[in-house]
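The values are calculated or read from the model by the stated rules, or taken from the named source; none is laboratory data. These numbers were taken from a predicted model, which means no experiment stands behind them. Here Cβ is always computed from backbone atoms with ideal geometry, including for glycine, and neighbour counts include all displayed protein chains.
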Amino acid sequence: EQSPSAMRRLIPEEMLERPAACPFDPAPGLARRRGQGPVQPLELHNGAVAWLVTGFDEARSVLADARFSADRVRYRDATQLQPHEVAEMAAAAERGEPVCPAPVDSRADGMFVFMDPPEHTRLRRLLTGQFTVRRMKALESRVTEIAVEHIEAMKAAGTAADLVPAYALPLPSLVICELLGVDYADRDRFQVNTSIALNANASDEDRARAGGELYGFIAQLVAAKRAAPGEDIISGLIQDAEPPLSDAQLVDVALVLLGAGHETTANMLALGAFALLQNPDQVAALRDDPAVVDNAVEELLRYLSIVQLGVSRVATEQVALGGVTVPAGATVIVATPEVNRDTRHWTDPDRLDVHRDRVPHLAFGHGVHQCLGQQLARIEMRVGFTELLRRLPDLRLAVPATEVPLRNDMLIFGVHSLPVAWSGAPGP
Ligand code: HEM
């Protein structure tokens with residue numbers, strides 16, 4: 001299995017369980033390791049020892065270093081190893097023998113997130129060519145329409161809602177529909193299947209069924225775009241790729257965009273709203289000067305670092321890093337919540353401060369796999385928070401903060417639901 005949830009199941013719970021006092025702070029299990037060096041061993045549930053990178057500079061150097069592979073299947077990251085293999089490797093290490101598992105054949109048509117250069121480079125370039133400024137500009141007005149429609153629907157329905165299904169999930173899902181050129185008539189079905197397929201709490205059976213339907217749907221979409229190209233990314237890839245991409249590659253690319261762009265943005269919107277509501281002075285700063293929103297988005301990305309332990313690589317050879325020796329074959333996990341609070345880079349990093357001077361953060365990763373959709377994600381957050389605060393000026397939590405169910409068991413951190421309320425008075 002190559003899904004991030006496979007890694008989630010291997011990570012000790014104490015590394016994911018957030019502190020009750022402030023759920024936005026890194027897990028105490030992670031924070032306790034502060035001061036123990038920027039790269040530390042971490043025993044996973046299958047007995048494998050991964051290397052946890054908590055330092056900013058060390059994280060950047062891992063993500064920029066070709067000796068760390070993103071092809072977790074070929075180089076068999078910790079999620080690919082059975083406990084008996086881990087034990088055999090440990091015994092070999094005791095005997096002083098090399099312990100790197102032999103690479104296996106990995107073939108994924110268009111799953112470029114898990115590819116290394118040069119295979120990655122070709123697909124990534126093709127995709128970058130599709131995320132044009134012109135397309136992003138055009139999307140911005142659609143993002144605004146989608147945000148406004150959903151907020152107005154919430155207001156029309158009453159004075160309370162769960163912000164996750166009412167706003168945070170549909171917004172990125174519909175934006176991806178725009179990007180991929182999904183027909184309006186198919187969007188409800190698309191959204192329902194996406195949310196089931198990406199919901200780690202759904203049963204395996206339901207997820208597999210939804211995933212299968214989604215795959216079939218996207219395969220049909222690719223066929224439809226071949227027959228009648230539109231203004232979307234799939235049509236663009238069909239027209240621009242030389243040599244042409246196969247159907248299987250196009251389906252994979254669409255699934256990557258969906259997988260990478262949906263859950264991430266949804267959780268930034270919902271968790272971001274939660275963090276803002278818990279920091280009224282920061283909301284006031286945003287209301288006083290709406291131009292601060294771009295800064296606020298960067299600060300929320302840093303402060304929340306939702307891809308909590310999801311950025312991982314495999315060392316293809318022995319590498320000296322942050323004072324330790326990472327052995328060949330070892331899995332390296334970048335702990336973005338800690339990395340983005342490295343006191344060597346930020347003063348008072350545990351404080352949310354929308355006026356903070358901008359220092360580059362690693363919430364979108366770094367190096368060749370750095371988030372392809374970051375420009376779009378920024379638009380969604382800028383528009384998403386601006387419209388929410390403008391149209392619901394007295395938005396507030398409808399339950400005590402401690403009752404908000406956290407996704408602290410997931411690789412993408414966030415909230416399962418966010419009950420909010422507002423007064424019925426008309427907004428501006
Ligand atoms: C990669 C974060 C939104 C598409 C990544 C990576 C991170 C990340 C950390 C690097 C993963 C790695 O190196 O292993 C986020 C966050 C988002 C977000 C925090 C929301 C706030 C989006 C959106 C899209 C997108 C909206 C597209 C619609 C991608 C793709 C990759 C990626 C395709 C893989 C790039 C590659 O392998 O070359 N993202 N992302 N992301 N992201 Fe995002």
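Just one residue in the set R60, R74, R32 is under 20 Å from V319 (Cβ atoms), more than 21 Å from the chain's Cα centre (by Cα) and of a type in the set (K, R); that residue is R74. Among the residues of region 239-254, those identified as under 22 Å from A138 (Cβ atoms) and either touching a residue at least 40 places away in the same chain (Cβ under 8 Å) or in contact with a helix residue (DSSP H, G or I) (Cβ under 6 Å, 6 or more places away or on another chain) (or both) are D240, A241, L250, V253, A254.
The residue list A50, A31 contains one member that is within 30 Å of M111 (Cα to Cα) and of a type in the set (G, A, S), which is A50.
Results for (1) within 13 Å of the ligand (Cβ to nearest atom); (2) surrounded by fewer than 22 Cβ atoms within 10 Å (Cβ to Cβ); (3) not β-branched (V, I, T), shown as yes or no for each residue.
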residue: A153; (1), (2), (3): no, yes, yes
residue: V164; (1), (2), (3): no, no, no
residue: I176; (1), (2), (3): yes, no, no
residue: G181; (1), (2), (3): no, yes, yes
residue: Y184; (1), (2), (3): no, yes, yes
residue: D188; (1), (2), (3): no, yes, yes
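The rows are residues; the columns are (1) more than 16 Å from the ligand (Cβ to nearest atom); (2) of a type outside the set (A, V, I, L, M, F, W, C); (3) modelled with pLDDT of 90 or more.
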{"site": "A48", "(1), (2), (3)": "yes, no, yes"}
{"site": "T54", "(1), (2), (3)": "no, yes, yes"}
{"site": "D71", "(1), (2), (3)": "no, yes, yes"}
{"site": "A93", "(1), (2), (3)": "yes, no, no"}
{"site": "F114", "(1), (2), (3)": "no, no, yes"}
{"site": "P117", "(1), (2), (3)": "no, yes, yes"}
{"site": "T121", "(1), (2), (3)": "no, yes, yes"}
{"site": "R124", "(1), (2), (3)": "no, yes, yes"}
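Here L237 passes the criteria (1) under 23 Å from L406 (Cβ atoms); (2) modelled with pLDDT of 95 or more; (3) within 16 Å of the ligand (Cβ to nearest atom) except the one numbered (1).
Of the residues in region 158-173, at least one is over 23 Å from P393 (Cβ atoms), in a helix (DSSP H, G or I) and within 20 Å of the chain's Cα centre (by Cα). Among the numbered conditions (1) within 30 Å of Y215 (Cβ to Cβ); (2) hydrophobic (A, V, I, L, M, F, W, C); (3) more than 16 Å from the ligand (Cβ to nearest atom), the only one that A102 does not meet is (1).
When R390 is tested against (1) away from the ligand (no atom under 16 Å from the Cβ); (2) of a type outside the set (S, T, Y); (3) buried (at least 20 other Cβ atoms within 10 Å of the Cβ); (4) within 20 Å of N295 (Cα to Cα), just one condition goes unmet, and that condition is (3). If you filter region 206-238 down to residues that are in contact (Cβ under 8 Å) with a residue 24 or more places away in the chain and not in a helix (DSSP H, G or I), you find that the one that is surrounded by the fewest Cβ atoms within 10 Å (Cβ to Cβ) is E231.
For the condition surrounded by 20 or more Cβ atoms within 10 Å (Cβ to Cβ), away from the ligand (no atom under 13 Å from the Cβ) and more than 22 Å from the chain's Cα centre (by Cα), L397 does not qualify. Restricting to region 21-37, and then to whatever is assigned to a loop (DSSP other than H, G, I, E, B) and surrounded by 22 or more Cβ atoms within 10 Å (Cβ to Cβ), can you tell me which residue is farthest from the ligand (Cβ to nearest atom)? Result: A27. Selection within region 197-210: residues that are at pLDDT below 85 and within 14 Å of L255 (Cα to Cα). The member of this set that is farthest from the chain's Cα centre (by Cα) is A197.
Restricting attention to region 359-374, does a residue exist that is more than 16 Å from the ligand (Cβ to nearest atom), under 15 Å from E299 (Cα atoms), in a loop (DSSP other than H, G, I, E, B) and at pLDDT below 95? Looking through region 359-374, at least one residue is more than 16 Å from the ligand (Cβ to nearest atom), under 15 Å from E299 (Cα atoms), in a loop (DSSP other than H, G, I, E, B) and at pLDDT below 95.
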